[in-house]
Each structure stands twice: as C-alpha cells, then as structure tokens.
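Following: one structure in structure tokens, then a few remarks.
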Amino acid sequence: MKALVGMSKAELQAIAEEFGEPAYRGGQIARWIYEKGARNLDDMTDLPKAFREKLAGGYTVAALSAVTFSQAPDGTTKFLYRAADGREIESVWIPYPDRVTACISSQVGCAMACRFCATGQLGFERNLTPGEIVDQILAMQAQMGRRISNVVYMGMGEPLLNLDAVLTSVHLLNKSVGIAMRQITISTVGIVPKIKELASHKLQLTLALSLHAPNDALRDDLVPINSKFTLRELYEAVKEYDEVTGRRVTLEYIMLNGVNDRLNHAQQLIAWSRGLHVHINLIPYHPTGSAYAATPVNEMQAFRKALEKAGFPTAIRAERGLEIEAACGQLKRQLAARQSAAG
C-alpha cells in the first residue's frame, strides 16, 4: 500500500486520471489531505464511493500510525509514530498562546554521533520520505485539534543529509498545508556542500546551525563531522548563505558545564561570528545519558551578556518538554529502551 500524503496536487491528479476520473478529483484529494486533515479515504465524502473503493485497493492516506504520546504540564507533547516498515520516529508539539511549533524528524536515527545527543548515540537507520515528514504535522494537528504555525526540522536526524525529501516536504507544508516559509526552520550540524545547495534554492526559511563549540579541537570532539567540515569552511558557508538568501542564520549552542561555557569560549565564539549576520541561541543541556552536565543559570546569563555586549543578539532557549524527554537532544531515549526490551 502506498501513502497519498507526500504527493503533490499534480501527482494526485495523475492518479485520479489513471483510475478514469477527471483530474480535478486529484485536487479534491489534495484538499482533503492537506487542508481538511483527512486521515482515511472514507473521510473524503465528495469523492464517488466507487473511486474511493478503487483507491483503497492500493493506497492509504496516512504514511504514519500513532503509537503513543506523552504530555508535559506545559502542554508540550511528544509523539511516537510508526512507519509502514515498522520503524519508529518521534515528533514534538510545543504550544504557545499565539502559536504552535512542531519539532519534526527527517531521518530514523542519525549518523552524526554528536556526543550530547540521544538520537546521535543510536546510529542511522534510514531517511524519511516526504510523506513521512509531512505526515508528522498532519497527524499532530488531527490529534490535537489545533493548527501548527511554525515548523522546525530539529527532531531525529540531519535534515541536510536527506535534502531532496526535506525540500519536497517544505514545499508541501508551505503551498498545500499553508505554513509560511518564514515560519520554517531547517537545522544542520554543518554539512557545508548541502548548506550551499540549500542556499541556491533562495528560500525564505531559516537555517539553524548547530555550532556548539567555538574552536576546532573542541568541536571535533562534540560534533565529529567537524573533522570533515571545519569551522573555517562553516564560516564561509554561513556567509554565502546569508549573501545568497538575505536570511539571518541562527547559531545553536548547547551549554555544557565546564566544557564549552567559559568566558574564553564566549570570546572565541564572538571572534568566529564576526562578519556574519547571525542570532545566537544558548541551549540548556538536558540529560541524555552522557557524562555532561548543565551549565548553571547564572553562568549562562554571563555568557549571554558577553555575546550581547559584542553586538550579537542572543537568547537562552526556554526549556520545554524536559519532563517527558522531549527537550533538545533527548529524542529516542525512551524509544531505544522500549526497542531493547522488545528485542
């Protein structure tokens, strides 16, 4: 069975014509999936019953099925979804009074092996399809009964190593689901050729670079891909991205007590960032089973003040979903334990 979610209007029109239906039937399917949130063919009441029955012989609507979810007191909710091949991914719903942000996955697992990240400790299984990426948004909206306004590709996986599928999903979310391009963020640990490729598309989305260290020796340890794409190469890629797209890049910097959070690290970060149009997010460390510890709040504040004094807009990211292991770097910890027990 093949999922209809992830297909463009043109692709759905072609399917309708294959079944002997007029092309506009494909447009109806697209509206049901992306605008009305239909999760099965029977919901599509303006399609002829005979057509729906024929479609059901080879197609499903959804690409994912819900397994379980857990909710924190602040409403942050972590969802576990299963794909058709049995592999599982996690997504996070983060509600605010004026908006809802969704943190979605682009791969099953991750090959980047960042030392402080739970997903990175488990290795890579496969890329997600465009439909599996988009369906995280549609499934959460269907269950929670509220539209998602902001999307961040910061869940499981390195989005730029699945760039074709990610870009297809971005265009579907923008054009079919109706999420503004400027409200979409793609995160990367720094795959230099792919940053340049993304820049060439000139999209008005936000690029977030998971920097986490201000010198090569430290970054080689925390973010192993740095041994392939150094900070100098990253600097040039970020500068090119800004020049090509006109979009400010967000620098993500996780704070690890005694590791990358001293004031001399702040000065190194300032030196590296000179000449770049960036916003810096300082991220509290959340437990992932590693040996690292969180930087005390007062020291994070001092680090931020040093960056701001140097002229860089800086924020400390609010902690959301910590109670349910849905915070930054925590995805798939409980899932791994569940899979191990089942095995």
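Only the coordinates and a few stated rules stand behind these numbers; no lab work does. Keep in mind that this is a model prediction, so the values were computed, not measured. Here the Cβ is made from the backbone with ideal geometry for all residues, glycine too, and neighbour counts use every protein chain on show.
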What lysines does Lys239 reach when the alpha-carbon gap must be under 20 Å and sequence neighbours fewer than 8 apart in one chain are set aside?
Lys194, Lys196, Lys202, Lys228
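Hey, fewest Cβ within 10 Å first, where do Tyr24, Tyr235, Tyr34 land in order? Write out the running numbers ahead of the final one.
On the way: Tyr24 10, Tyr235 15, Tyr34 23.
Least to most surrounded, the residues fall as Tyr24, Tyr235, Tyr34.
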Just add up the charged neighbours of Ala23: K/R +1, D/E -1, any other residue whose Cβ is under 13 Å from the Cβ of Ala23.
-2
Straight-line reach from Lys54: which lysines fall under 21 Å, measuring Cα to Cα and dropping same-chain residues less than 8 apart?
Lys2, Lys9
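One-quarter of the Cα convex hull surface for the chain, in nm²?
On the way: hull surface 71.0 nm².
With the hull built on Cα positions only, its mean projection is 17.8 nm².
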Please compute one quarter of the surface area of the Cα convex hull for region 92-152 and express it in square nanometres.
4.8
Can you tell me how much longer the chain between Lys239 and Ser200 gets when fully stretched, taken as 0.36 nm per residue apart minus their C-alpha distance, in nm with one decimal?
12.7 nm
Quick one: pull the percentage of alpha-carbon pairs in region 2-60 with a separation above 16 Å.
31
Spelling it out for Thr60: with amide H atoms placed in the peptide plane at 1.01 Å from N, the residues 5 or more places away or on another chain with amide H under 5 Å from its amide H are Lys2, Ala3, Leu4
